[in-house]
Amino acid sequence: ALRTDGLETPLLQRRLINEWGKITGTIVENYTMNLFIRNQILYVKLLSPALRADLLMMKSELVKKLNEKVGSRVISDIRFY
């Protein structure tokens, strides 16, 4: 029913955003200001440049874990700003 009404994708995107803190941990979550998805890219605003550098190195693993957690390929990339 959700798929036919066009609501499946927004629901999966919301679930993925809600999983961010569970996957990255509370420390990363505390330095995260804003999360949104546009064109299968998760945009993450971080308050710490050092943390941004660390997460850039783990980007592909984070994409994989987040998609696995929601059970669908919701995002293909993460951009930190």
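Could you list, in sequence order, all residues of the range 32-49 that are in contact with a helix residue (DSSP H, G or I) (Cβ under 8 Å, 6 or more places away or on another chain) and open to solvent by 50 Å² or more (accessible area, probe 1.4 Å)? Please lay out each step first, then the result.
Of the residues in the range 32-49, the ones in contact with a helix residue (DSSP H, G or I) (Cβ under 8 Å, 6 or more places away or on another chain) are 32, 35-37, 42, 44, 46.
Matches in the range 32-49: 36 only.
If I ask for residues that are in a helix (DSSP H, G or I), over 10 Å from the mean Cα position of the chain (by Cα) and farther than 16 Å from residue 58 by Cβ, which ones from the range 13-41 would you list? Answer for the range 13-41, where residues must be in a helix (DSSP H, G or I), over 10 Å from the mean Cα position of the chain (by Cα) and farther than 16 Å from residue 58 by Cβ: 26, 30. Can you find, within the range 19-31, the residue that is farthest from residue 72 (Cα to Cα) among those that are open to solvent by 70 Å² or more (accessible area, probe 1.4 Å) and out of contact with any Leu (no Cβ under 9 Å at 6 or more places or on another chain)? Among those residues, the one meeting the criterion is 26. Residues in the range 58-75 that are open to solvent by less than 50 Å² (accessible area, probe 1.4 Å) and either part of a helix (DSSP H, G or I) or without any contact (Cβ under 8 Å) to a residue 40 or more places away in the chain (or both): 62, 63, 66, 67, 70. Here residue 19 clears all of (1) without any contact (Cβ under 8 Å) to a residue 24 or more places away in the chain; (2) of a type outside the set (A, V, I, L, M, F, W, C); (3) out of contact with any strand residue (DSSP E or B) (no Cβ under 7 Å at 6 or more places or on another chain) except the condition numbered (1).
The values are calculated or read from the model by the stated rules, or taken from the named source; none is laboratory data. Everything numeric here is computed off the predicted structure, so don't read it as measured data. Cβ atoms come from the backbone with ideal geometry, glycine included; neighbour counts cover every protein chain shown. Ligands, DNA and RNA are stripped out before the accessible areas are found, and what is left, the full protein with its side chains, is counted by its heavy atoms. Shrake-Rupley method; radii C 1.70, N 1.55, O 1.52, S 1.80 Å.
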